[in-house]
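Trainee: Attaching a single structure in structure tokens format; questions to follow.
The values are calculated or read from the model by the stated rules, or taken from the named source; none is laboratory data. Since the model is a prediction, treat every value here as computed from it, not as a measurement. We place every Cβ from the backbone using ideal geometry, glycine too, and count neighbours over all the protein chains shown. For accessibility, only protein heavy atoms count, side chains too; no ligands or nucleic acids. Shrake-Rupley method; radii C 1.70, N 1.55, O 1.52, S 1.80 Å.
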Amino acid sequence: MTIIDSIERMSAFSDEARAKSLSIGFVPTMGALHEGHLSLARRSCSENDRTVVSIFVNPLQFGPREDLDRYPRDMEGDLAKLSSIRTDAVFAPAMEAMYNERFETHVIQENLSMMLCGVSRPTHFRGVLTVVLKLLNIVRPHRAYFGQKDYQQTVAIRRMARDLNIPVNIVVLPTVRERDGLAMSSRNRYLSDSERRDAVCLYRALTAGSELVRRGERSARVVVQKMRGVVENAPSARVDYLAAVDPDSLESREEISLPVALVGAVYVGATRLIDNVTVEE
Ligand code: PAF
């Protein structure tokens, strides 16, 4: 496994693979890797000749009062995990290499990035899309892999790829969960024992909502109320948003039609967690 910290060497790695007609799979991450990330890397290894994983905590996607400084970092542990699954290259650029002092160009998505998570994190998707576009330009993969846990992110990235004609296949894989259903997330490390017990309320709420929909309930208000009740039963949890939305446009619906995505964000103590489930026809 090669560890690459320069943009030039990363591009040269990809040029060489492409010159040999080898396919490149890419898994962008911010490190603190868990089974969710590893499932993406394993899939990439099974579908591509070369797999590149990036580790870069992107300051652009954190708001001024968010957790950039304390975001978990564990390069040694991450490299050990990746080397056990045949990753070919780890791209871990320095901050200054990605954003020089005159950096000023961003990808802005007018509507998608302002709804749901964008309401409480108004600059988040601008940061995500900008870094993902930069990484795609540097790595030039044939396929890029993302987890469904970050549902709005996957919709925004697919939209960016389509709108800007980026020649990459965006692959979205199912959320990997703990035994009790909590979606795996690097931020789960912030939870105290009692918060960890409460944290599963979001998945339970989404599951309760999806069961109502499956049984024929079509009023979004009724479904959201049900989900809200489940979250409010957990002492340390507070709803940021819960919604039933169109899976592509992310617009909220009053009358649910299938397929629908039930999406939510809750604060458990000071930690903000997101999750979603989709209900198909
Ligand atoms: O999902 C993440 O970990 C990040 O948003 C991503 C896609 C690596 C961009 O920094």
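Trainee: Hey, among 80, 32, 41, which residue is free of Cβ contacts under 8 Å to residues at least 40 places away in the same chain and either within 27 Å of residue 182 (Cα to Cα) or more than 22 Å from the chain's Cα centre (by Cα) (or both)? Outline the logic, then answer.
Mentor: On the way: 32 fails: free of Cβ contacts under 8 Å to residues at least 40 places away in the same chain; 41 fails: free of Cβ contacts under 8 Å to residues at least 40 places away in the same chain.
Checking each option against the conditions leaves just 80.
Trainee: Could you count how many residues in the stretch 124-136 are over 15 Å from residue 100 (Cβ atoms) and either out of contact with any Ser or Thr (no Cβ under 9 Å at 6 or more places or on another chain) or near the ligand (Cβ under 10 Å from one of its atoms) (or both)? It would help to see each step written out before you state the result.
Mentor: Keep residues of the stretch 124-136 that are over 15 Å from residue 100 (Cβ atoms), which gives 124-129, 132-133, 135-136.
Keeping just the survivors that are either out of contact with any Ser or Thr (no Cβ under 9 Å at 6 or more places or on another chain) or near the ligand (Cβ under 10 Å from one of its atoms) (or both) gives 124-125, 127-129, 132-133, 135-136.
Summing the residues that are over 15 Å from residue 100 (Cβ atoms) and either out of contact with any Ser or Thr (no Cβ under 9 Å at 6 or more places or on another chain) or near the ligand (Cβ under 10 Å from one of its atoms) (or both) in the stretch 124-136 gives 9.
Trainee: Additional query: With the condition kept exactly as written, say whether any residue in the stretch 185-195 is within 24 Å of residue 224 (Cα to Cα), within 12 Å of the ligand (Cβ to nearest atom) and open to solvent by less than 30 Å² (accessible area, probe 1.4 Å).
Mentor: Looking through the stretch 185-195, at least one residue is within 24 Å of residue 224 (Cα to Cα), within 12 Å of the ligand (Cβ to nearest atom) and open to solvent by less than 30 Å² (accessible area, probe 1.4 Å).
Trainee: Identify the single condition in (1) closer than 24 Å to residue 177 by Cα; (2) within 16 Å of the ligand (Cβ to nearest atom) that residue 97 does not satisfy, given that it satisfies every other one.
Mentor: (1)
Trainee: If you go through the stretch 49-67, how many residues are surrounded by fewer than 21 Cβ atoms within 10 Å (Cβ to Cβ) and closer than 19 Å to residue 154 by Cβ?
Mentor: Step one: of the stretch 49-67, the residues surrounded by fewer than 21 Cβ atoms within 10 Å (Cβ to Cβ) are 49, 56-57, 59-60, 62-67.
Next cut, closer than 19 Å to residue 154 by Cβ only: 56, 60.
Here the count works out to 2.
Trainee: Here is a check on your reading of the model: is residue 65 assigned to a loop (DSSP other than H, G, I, E, B), of a type in the set (Lys, Arg), closer than 28 Å to residue 103 by Cβ and away from the ligand (no atom under 15 Å from the Cβ)? Lay out the reasoning, then the answer.
Mentor: Values: assigned to a loop (DSSP other than H, G, I, E, B): yes; of a type in the set (Lys, Arg): yes; closer than 28 Å to residue 103 by Cβ: yes; away from the ligand (no atom under 15 Å from the Cβ): yes.
Yes.
Trainee: Which one is farthest from the chain's Cα centre (by Cα), of the residues in the stretch 83-108 that are open to solvent by less than 70 Å² (accessible area, probe 1.4 Å) and more than 24 Å from residue 37 (Cβ to Cβ)?
Mentor: 103
Trainee: Looking at 182, 202, which is the one that is over 16 Å from the mean Cα position of the chain (by Cα) and open to solvent by less than 40 Å² (accessible area, probe 1.4 Å)? Quick ask: steps written out before the conclusion?
Mentor: Details: 182 fails: over 16 Å from the mean Cα position of the chain (by Cα).
Selected residue: 202, the only one of 182, 202 that is over 16 Å from the mean Cα position of the chain (by Cα) and open to solvent by less than 40 Å² (accessible area, probe 1.4 Å).
Trainee: Can you name the residue in the stretch 24-48 that is in a loop (DSSP other than H, G, I, E, B) and within 13 Å of the ligand (Cβ to nearest atom) and is also surrounded by the most Cβ atoms within 10 Å (Cβ to Cβ) among such residues?
Mentor: Only one residue tops the list, namely 33.
Trainee: I would also like to ask the following. Among the numbered criteria (1) within 13 Å of the ligand (Cβ to nearest atom); (2) free of Cβ contacts under 8 Å to residues at least 60 places away in the same chain; (3) open to solvent by less than 20 Å² (accessible area, probe 1.4 Å), which single criterion is violated by residue 158?
Mentor: (3)
Trainee: Report yes if some residue within the stretch 49-61 is away from the ligand (no atom under 16 Å from the Cβ), more than 20 Å from the chain's Cα centre (by Cα) and in a helix (DSSP H, G or I); otherwise report no.
Mentor: Within the stretch 49-61, the first condition is being away from the ligand (no atom under 16 Å from the Cβ), and the residues that meet it are 49-50.
Checking which are more than 20 Å from the chain's Cα centre (by Cα) leaves us with 49-50.
Applying the additional criterion that residues be in a helix (DSSP H, G or I) yields none.
No: zero hits.
Trainee: Given the conditions (1) more than 14 Å from the ligand (Cβ to nearest atom); (2) under 23 Å from residue 44 (Cβ atoms); (3) in contact with a helix residue (DSSP H, G or I) (Cβ under 6 Å, 6 or more places away or on another chain), report the number of the one that residue 88 does not fulfil.
Mentor: (3)
Trainee: Out of everything in the stretch 143-155 that is hydrophobic (A, V, I, L, M, F, W, C) and within 11 Å of the ligand (Cβ to nearest atom), what residue ends up being surrounded by the fewest Cβ atoms within 10 Å (Cβ to Cβ)? Even if it seems obvious, please write down each step before you answer.
Mentor: First, the residues of the stretch 143-155 that are hydrophobic (A, V, I, L, M, F, W, C): 144, 146, 155.
Checking which are within 11 Å of the ligand (Cβ to nearest atom) leaves us with 144, 146.
Values: 144: 25, 146: 20.
Looking at residues that are hydrophobic (A, V, I, L, M, F, W, C) and within 11 Å of the ligand (Cβ to nearest atom), I get 146.
Trainee: Follow-up. So which residues in the stretch 1-14 are of a type outside the set (S, T, N, Q), in a helix (DSSP H, G or I) and touching a residue at least 60 places away in the same chain (Cβ under 8 Å)?
Mentor: Filtering the stretch 1-14 for residues of a type outside the set (S, T, N, Q) gives 1, 3-5, 7-10, 12-13.
With in a helix (DSSP H, G or I) added as a condition, the list becomes 7-10, 12-13.
Residues satisfying the conditions are 7, 10, 13.
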